[in-house]
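Below is one structure, written out as structure tokens, with a few remarks after it.
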Amino acid sequence: MKNKLPPGQFETENWPILHVGDVYEFQEETWDFRLFGEVKEEVTLSYASMMKLPKTVSSINMHCVTTWSKFDSIFEGIAFRELVNLVELNEGVDYVKIYGYYNGDRFAYSANLPLEALLEDDALFVYRWKDERHDWEDISPKHGYPLRFIPPEAFYLWKGTKWASGIQFMKGDEAGFWEEMGYSMTANPFKEERYR
Ligand SMILES: Nc1nc2c(c(=O)[nH]1)N[C@H]1C(S)=C(S)[C@@H](COP(=O)(O)O)O[C@H]1N2
Ligand SMILES: [Mo]
């Protein structure tokens, strides 16, 4: 299928770096990943147990609200749905927040997303990537190593939490970090939903 550039976007071939705060420095001993909120029982995964989950490789287009779009990056990661499979959701869960590090605080960055949009191969917690110009390599610390969420292209890339630390399952929608500052809850680049 031919790539489509959303309105107000331009195509870039390299992968820019954008975030607020410090770059998280990975330490396997202290790293873990929490599945919490509206679940029967919370789950905490070590790095080793996370990396034992089934892997998915997908090509995903990225659209940043600052107007760059990057097509056809190939990511290797753990599909969002593999993590959903590890918990029993309470009745009525329809949104999630994906949390990540911000200045050393594990849960200070977050982005909200509708659960049903994240169940295919284009919603991945990634650790490796390649494209036409780069062979496989680990994603860099600045792009979110050791684990970074990449959302489906129907969402602007701020929904792609770097240095991911957990998923909160929710009944109803709730703003995350940028959404609280006035960015769109739904954030569809093709409808140019930048602000709310
Ligand atoms: N933890 C964390 N994740 C984050 C951010 C951040 O500040 N902290 N910035 C977001 C924003 S606004 C964008 S545009 C993308 C940029 O990803 P990139 O630098 O890998 O291109 O990361 C998103 N994920
Ligand atoms: Mo952004």
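The values are calculated or read from the model by the stated rules, or taken from the named source; none is laboratory data. Here the structure is a predicted model, which is why all the values come from computation and not from measurement. Reconstructed Cβ throughout: ideal geometry from the backbone, glycine too, with neighbour counts over all protein chains shown. For accessibility, only protein heavy atoms count, side chains too; no ligands or nucleic acids. Shrake-Rupley method; radii C 1.70, N 1.55, O 1.52, S 1.80 Å.
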Check your understanding: DSSP loop trypsin sites (Lys or Arg not before Pro) in the range 127-184 with at most 12 other Cβ atoms within 10 Å of their Cβ, which ones?
Key -> Arg133
Study note, to complete from the structure: Any GluC sites (Glu not before Pro) in the range 1-84 that lie in a DSSP loop and have at most 16 other Cβ atoms within 10 Å would be Glu13, Glu25, Glu28, Glu29, Glu41, Glu42
**Study point:** Where Asp105, Asp131 fall by accessible area, highest first, once all protein chains stay in place (1.4 Å)
**Key:** Asp105, Asp131
Review point. Which percent of the accessible heavy-atom area of the range 29-191 goes to carbon and sulfur, probe 1.4 angstrom?
Key: 47 percent
Study note, to complete from the structure: Within the under-10-Å Cβ sphere about Ser58, not counting Ser58, Lys/Arg +1 and Asp/Glu -1 give a net charge of -4
**Study point:** the chain: Lys pairs at Cα distance under 19 angstrom, eight or more positions apart or on different chains
**Key:** 22
Review point. How far is it, in nm, from the label point at Lys130 to the one at Glu25 when both lie 7 Å from their Cα along the line to the Cβ?
Key: 3.2 nm
Study note, to complete from the structure: Note on the range 49-196: contact order normalised by length, alpha-carbon pairs under 8 Å, 6 or more apart, percent, works out to 26 percent
Check your understanding: Using a simple spin-label model with points 7 Å from Cα along the Cα→Cβ vector, what separation in nm is obtained for Ala108 and Ile17?
Key -> 1.9 nm
Exercise for review: Hey, could you grab the Kirkwood Rh for the range 137-189? Inverse mean 1/r over distinct alpha carbon pairs, Å, one decimal.
Suggested key: 12.3 Å
**Study point:** Charge context of Glu120, other residues only, Cβ under 13 angstrom, K/R +1, D/E -1
**Key:** -4
Practice item. Give me the distance between the Cα centres of the range 32-65 and the range 109-149, rounded to whole Å. Key: 10 Å
Study note, to complete from the structure: Over its alpha-carbon atoms, the range 1-112 yields an Rg and a Dmax in Å of 16.7, 44
Exercise for review: Two decimals is fine: what's Rg over Rh for the range 77-196, C-alpha atoms, Kirkwood radius as Rh?
Suggested key: 0.96
Check your understanding: Quick one: accessible area per residue over the chain, 1.4 Å probe, rounded to a whole number of Å²?
Key -> 48 Å²
